Amino acid sequence: MKYLIVLSVTVLLAGCGQESKPAAVLHLAPITPGAIPEKIGGCGEGCKKLDKFAQWQPLLAPLVEMHRRQEKCSSVEYAMPDIDSDPVDPKFYVQCKEVRSGQLYNTFYTRTQIEMGTPATSEPVSRGYAEPLCAGQLAEKLPGATIANQGFYEAPNGSVRLTYDLKVNGLDKKAACLVSHESVEFNVVR
C-alpha cells in the first residue's frame with residue numbers, strides 16, 4: 001500500500017521571527033502571438049516610412065513587457081513605432097484589449113519612457129484638465145466661435161474627446177478636441 005505524505009512547513013524570515021507572506025501577484029496580460037513584429041520595415045516600396053524605424057526593433061519587447069502590467073489591459077494585441085513621429089526620437093504605441101469592454105485601445109510611449117521603464121499612465125484625462133486646453137485651441141483656430149452644445153467622451157485608453165456644435169460667422173460647424181496625457185488635437189469636422 002502506498003501513502004502520500006504531505007508536509008506543511010512554516011517559513012520564517014531569517015532573524016525576524018515572522019511568517020513570510022506570498023508576494024503580491026502582478027497583473028500580466030497575455031501577449032497575442034504576432035503582437036511584437038519580428039522585424040520593423042523591410043516590406044518593400046510601400047514601407048519606406050516604416051523602414052526608418054527599423055533600428056528601434058529592440059525596444060518593442062521591453063515596451064510590451066512593461067505595458068502588459070497595466071490593469072485595464074486584458075491582452076496585448078500589437079506594438080509598433082508611431083510612423084508619424086520622428087524616426088530619430090520616435091514614439092511607440094501598444095494596442096490592448098480593454099478588460100471591461102473588450103474594445104481595443106492604444107497607449108503611446110516615448111522612447112525615453114521605454115528606456116527608463118516608466119509605464120504610461122492608465123488614469124483617464126480629467127474633464128477639468130481637458131476643457132481649458134480645448135478652449136484655448138478653439139479660440140486659436142476659430143476666433144469668435146460660440147458654443148451651442150458640448151459633449152464629453154472618455155476613451156478606453158484614458159484620452160478624452162470633447163465635441164462641439166458651434167456657430168462661426170452665422171454658420172453651423174462641428175469640431176472635436178482629442179486630449180491625451182501627451183497631446184491635444186483640435187479638428188473642425190465641418
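The values are calculated or read from the model by the stated rules, or taken from the named source; none is laboratory data. Not measured: the values here are computed from a predicted model. Backbone-built Cβ (ideal geometry, glycine too); neighbour counts: all protein chains shown. Keep in mind that these areas ignore ligands, DNA and RNA; they rest on the heavy atoms of the full protein, side chains included. Shrake-Rupley method; radii C 1.70, N 1.55, O 1.52, S 1.80 Å.
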Output the residues belonging to segment 137-165 that are of a type outside the set (S, T, N, Q), over 19 Å from Tyr105 (Cα atoms) and part of a strand (DSSP E or B).
Ile147, Ala148, Gly151, Tyr164, Asp165
Per the filter on segment 87-102, residues under 13 Å from the mean Cα position of the chain (by Cα) and open to solvent by 70 Å² or more (accessible area, probe 1.4 Å) are Lys91, Lys97
Pick from segment 103-136, criterion at pLDDT 85 or above and assigned to a loop (DSSP other than H, G, I, E, B), ranking: nearest to Ala176 (Cα to Cα)
Ser126
Taking segment 96-123 on its own, how many of its residues are within 20 Å of Pro33 (Cα to Cα) and either of a type in the set (A, V, I, L, M) or free of Cβ contacts under 8 Å to residues at least 24 places away in the same chain (or both)?
2
Pro124 - would you say it is within 15 Å of the chain's Cα centre (by Cα), within 30 Å of Val188 (Cβ to Cβ) and open to solvent by less than 50 Å² (accessible area, probe 1.4 Å)?
no
Could you grab the pairs with beta carbons closer than 6 Å, sequence gap of 6+ or different chains, first residue in segment 61-84 and under 13 Å from Thr118 (Cα atoms), second one assigned to a loop (DSSP other than H, G, I, E, B) and among the hydroxyl-bearing types (Ser, Thr, Tyr)?
Gln70/Ser122
Condition set at pLDDT 90 or above and farther than 16 Å from Phe108 by Cβ, scope segment 56-86, selection least open to solvent (accessible area, probe 1.4 Å): answer is Ser75
Count of residues meeting criterion [open to solvent by less than 70 Å² (accessible area, probe 1.4 Å), touching a residue at least 24 places away in the same chain (Cβ under 8 Å) and touching a strand residue (DSSP E or B) at 6+ places or on another chain (Cβ under 7 Å)] in segment 145-172:
9
Residue that is farthest from Glu77 (Cα to Cα), among those in segment 95-124 that are touching a Ser or Thr at 6+ places or on another chain (Cβ under 6 Å) and among the hydrophobic types (A, V, I, L, M, F, W, C)
Ala120
